[in-house]
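Here the structure comes first, spelled out in structure tokens, and everything after it is commentary.
The values are calculated or read from the model by the stated rules, or taken from the named source; none is laboratory data. Because the structure is a prediction, the values reported are computed rather than measured. Note that we place each Cβ from the backbone using ideal geometry, even for glycine, and neighbour counts take in every protein chain shown.
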């Protein structure tokens, strides 16, 4: 091990240190499956359904009177992790500490990637490495292959990408990655000039990730430029911070463009005694007694070099799984899912958690469940840790309690006007199937310790059987319904003592425009009233008269609400776009985001997620923006720029991948965080 005093060298040759402590101890596919049981059939039917059509298909099947039940397919796993590499036993504790076996359960590589191992070279004939190598370069002895005569680069390469399940040697976290050996070190040291050449060579060859288990205490502009070049080419650079038990971090690990890795001890619970530390550390990983490939065999080594290689392999899993993710996003995922370590030393975000990092691809800022009903429950959990007692007059009686609103998850007409009531009662909105109480709703009502439930709509929306089930849970049940969707909306609004003389007018014949404005209606304490395209129902006209409405906001163009209807409304202002998505944007621009802390995204192709989400939007003064599940659009990009311009860069997504695809979700993330 080189002495720490090397940080003070003044000679013209600048040394690179290989961060090793020499020791003698050595989502998501495009389709999903539905399980359907038809009444009278003994066997179930398995349906393959495009992911973006999943919710619609479930909706149609649940309405089919011949269907007994519909269930989402779910994974099953072997009780043991299937790894046939004979020396895996030497790695098992390490892999378990990093939650790599759990990550494998969700791992489905979609792309072949290349990782540059810029180091002492690699044992080119090693049986665990040879098949994974692509042509590299030797900057120490140009013209010769990048053969490792030291061992360090081979040890690093094994941790990054040793061939797994080949019945030989060891395993790596990432499966079947290609590695490009680039030799810039001869033994323990080398020159920054060769490191720069190695990085530039890797960029020229368009690698996906660069592993740098090396560094220097000397900061050079040329090295920073090389790192920036890699970064600007969307290459993730993973660097070791050094082995001198010092708060000074070596370069290039110090640079913000890289993922800087320090080491933890044998139990992954504290800094390894040799590891550097400090405010520029991003994450940590085990670095003591790490078993991997070596010259003509295998060996144990200690060092931040080893920790870095392990993190590189986990980063490779993510890039293989979703190759369109940017280097920044992969770095962010690893950092955001790291487990904090309580220590006197600054260890960044904590210990890397492979399983959480991989799942973060699907879960980041997403509120969802396996169905729309489950998603509504997750939205409730997000917004309401408990309920407050509220008082409301229902059927002429003053009622005090802790309220939850329940609406149909199958049909939208009765419930689109419910958002102001959720805010008035500070209540979540749960979705329910027509005939039987859903167990997840029972559990959520118990968690919230609700005393009262308001069912929206008649028995055509939610049957009396469900109401009786709720009463059997010792809940007081109220039903708000009218002879039509228009009258139901009026009755909902009559429960609220509005101070405003304004009203929002939406089509009662479709859901998108009402969903776009629901959270604003809740925030501004303004009633939502339904009209048909060419007519205002008498009960709506009567409400406008009785409550002395003097100003109206009409949501949608002439295709949904005619000019004839507009002319019959008091002081109307029409807010609309050429389609539901443009209208959603126009609504947000009109009412603004002054009080918003984040923005919510929901599919515009179906209503349940946005409906349940409007209650959360009203509670938190945040808008709900409707998006197409898959395709990008100029309207979405315009909205994201609008949100950034108004300093609203935090966001949540309602619904799973079938509602808004993973790729679209991460495009939203990228645009909000770094639009360039």
If you scan the stretch 126-146, which residues turn out to be buried (at least 20 other Cβ atoms within 10 Å of the Cβ) and assigned to a strand (DSSP E or B)?
-> 133, 137
Residues located in the stretch 350-372, provided they are surrounded by fewer than 20 Cβ atoms within 10 Å (Cβ to Cβ), over 30 Å from residue 263 (Cα atoms) and in contact with a strand residue (DSSP E or B) (Cβ under 8 Å, 6 or more places away or on another chain) | 370
In the set 188, 194, 211, the lone residue that is touching a strand residue (DSSP E or B) at 6+ places or on another chain (Cβ under 6 Å) and modelled with pLDDT under 95 is 188
Mind checking which residues of the stretch 298-313 are surrounded by 22 or more Cβ atoms within 10 Å (Cβ to Cβ), outside any helix (DSSP H, G or I) and in contact with a helix residue (DSSP H, G or I) (Cβ under 8 Å, 6 or more places away or on another chain)?
-> 301
Output the residue which, of all residues in the stretch 519-552 that are within 35 Å of the chain's Cα centre (by Cα) and over 21 Å from residue 482 (Cβ atoms), is surrounded by the fewest Cβ atoms within 10 Å (Cβ to Cβ).
-> 525
Could you tell me whether the stretch 514-523 includes any residue that is at pLDDT below 95 and more than 22 Å from residue 613 (Cα to Cα)?
-> no
Out of the residues in the stretch 218-264 that are under 26 Å from the mean Cα position of the chain (by Cα) and assigned to a strand (DSSP E or B), which is surrounded by the fewest Cβ atoms within 10 Å (Cβ to Cβ)?
-> 259
With respect to residue 453, is the statement that it is surrounded by 24 or more Cβ atoms within 10 Å (Cβ to Cβ) and modelled with pLDDT of 90 or more true?
-> yes
Output yes when any residue across the stretch 412-427 is assigned by TED's automatic domain parsing to the domain that holds residue 496 and over 19 Å from residue 491 (Cα atoms), and no when none is.
-> no
In the stretch 554-575, anything in contact with a strand residue (DSSP E or B) (Cβ under 8 Å, 6 or more places away or on another chain), under 16 Å from residue 503 (Cα atoms) and surrounded by fewer than 20 Cβ atoms within 10 Å (Cβ to Cβ) is listed as 566, 570, 571, 572, 573, 574
Determine which single condition residue 316 fails, assuming it passes every other condition in (1) closer than 24 Å to residue 244 by Cβ; (2) buried (at least 17 other Cβ atoms within 10 Å of the Cβ).
-> (1)
Please specify each residue of the stretch 168-193 satisfying the condition of being closer than 20 Å to residue 312 by Cβ and over 35 Å from the mean Cα position of the chain (by Cα).
-> 169, 183, 184, 185, 190
Please go through the stretch 265-290 and pick out each residue that is in a strand (DSSP E or B) and either surrounded by 24 or more Cβ atoms within 10 Å (Cβ to Cβ) or under 26 Å from the mean Cα position of the chain (by Cα) (or both).
-> 283, 284, 285, 286, 290
Hits in the stretch 172-207 (condition: surrounded by 24 or more Cβ atoms within 10 Å (Cβ to Cβ) and in a loop (DSSP other than H, G, I, E, B)) | 172, 173, 174, 177, 184, 207
Does residue 241 satisfy the criteria of being under 21 Å from residue 95 (Cβ atoms) and assigned by TED's automatic domain parsing to the domain that holds residue 151?
-> no
The lone condition residue 636 fails out of (1) in contact with a strand residue (DSSP E or B) (Cβ under 9 Å, 6 or more places away or on another chain); (2) under 24 Å from residue 422 (Cα atoms); (3) buried (at least 22 other Cβ atoms within 10 Å of the Cβ) is (2)
Mind listing whichever residues of the stretch 424-444 are within 14 Å of residue 377 (Cα to Cα) and surrounded by 23 or more Cβ atoms within 10 Å (Cβ to Cβ)?
-> 427, 428, 429, 430, 431, 432, 441
Filter result (over 19 Å from the mean Cα position of the chain (by Cα), closer than 22 Å to residue 665 by Cβ and part of a strand (DSSP E or B)) within the stretch 568-618 = none
When residues of the stretch 153-170 are limited to those that are assigned to a loop (DSSP other than H, G, I, E, B) and touching a strand residue (DSSP E or B) at 6+ places or on another chain (Cβ under 9 Å), the one surrounded by the most Cβ atoms within 10 Å (Cβ to Cβ) = 162
Screening 489, 467, 522, 514 for residues that are in the same structural domain as residue 579 (by TED's automatic domain parsing), over 26 Å from residue 566 (Cα atoms) and assigned to a helix (DSSP H, G or I) leaves only 467
